[in-house]
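First up is the structure itself, then whatever we jot down about it.
What follows is calculated from the coordinates using simple rules that are stated; it is not laboratory data. Because the structure is a prediction, the values reported are computed rather than measured. Cβ placement follows ideal geometry from the backbone for every residue including glycine, while neighbour counts extend to all protein chains displayed.
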Amino acid sequence: MSKKEILNKTKAYIRKKMEGEGTGHDWWHIYRVWQTAKKIGREERANMFVVELSALLHDIADHKFHGGDDTAGPKVARGWMEKIEVDPKSVDHVCDIIANMSFNKTFDKHQIFSSAELRVVQDADRLDAIGAIGIARAFAYGGHKQRKLYDPAEKPMKYKSGEEYRKNNVGHTVNHFYEKLLLIKDRMNTKTGKRLARARHKFMERYLSKFFEEWKGER
């Protein structure tokens, strides 16, 4: 099977598997990350086959929906890739990318695995967590988890480790902006990713300013 056929088959598989998901981790999230990863990957001169395959498979079994199990995604992705006979080197690379993409990994001072392709796909995924789309996804996920929109009495947390972030990230949705989304701009990897993140970051700041004005009944 050619690389193009592998990507087309994977696209069809993921689309069917994730169509209609309601937390902001649906097929269209995958599609946006895939498209953005292609844009960044070309500019970074990355291995585009690995970039595209990783983007398509990066949320195939997200730990948030598998009891916090970080190994679920790489395991399911590996099973799929081996089934369609992706070459072993690419399989390992994609699985390493999926295993190291999560935001909680950014708290680690010494990341175990890194590659140009990881940096590309990670940036593409992070971009979809901020800006107008990111705001919509944050509230969609908050609703799924039955979280409050906002509670002035609950202040944002300052996490010191990925483990602490994962265990205690249960507050209201507006806190999520201060605990994660507004931190993303300064944790981007690539030149293109950083440029795109700046504009999306500014939009979130404007949104929050308006949110608090309306919350207080000022506007």
* Could you sort out which of Lys155/Lys216; Lys148/Lys194; Lys9/Lys194; Lys38/Lys194; Lys148/Lys210 sit more than 24 Å apart by Cα distance in this structure? => Lys148/Lys194; Lys9/Lys194
* **Fraction of the pair-distance distribution of the stretch 29-105 above 22 Å, Cα-Cα pairs, percent** => 20 percent
* To do: Report, to the nearest 10°, how far helix 48-57 tilts away from the longest principal axis of the Cα atoms in the chain, using its own Cα long axis and a range of 0 to 90°.
  => 60 degrees
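Arrange Lys3, Lys145 by Cβ neighbour counts within 10 Å, fewest through most, would you?
Lys145, Lys3
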* **Coil-residue GluC sites (Glu not before Pro) of the stretch 114-219, DSSP, other Cβ within 10 Å capped at 16** => Glu154, Glu218
* **For the chain, diffusion coefficient by Stokes-Einstein and Kirkwood Rh (Cα), 20 °C, 1.002 mPa s, µm²/s** => 119 µm²/s
* Taking the Cα centre of the stretch 3-215 as origin, work out the dipole magnitude from +1 charges on Lys and Arg Cβ and -1 charges on Asp and Glu Cβ, in debye rounded to 20. => 560 debye
* What number comes out for the charge environment of His172, summing +1 per Lys or Arg and -1 per Asp or Glu over other residues with Cβ under 15 Å away? -> +2
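Does the stretch 120-219 classify as rounded, prolate or oblate by the C-alpha gyration tensor (a ≥ b ≥ c root eigenvalues; a/c under 1.5 gives rounded; else a/b over b/c gives prolate, otherwise oblate)?
oblate
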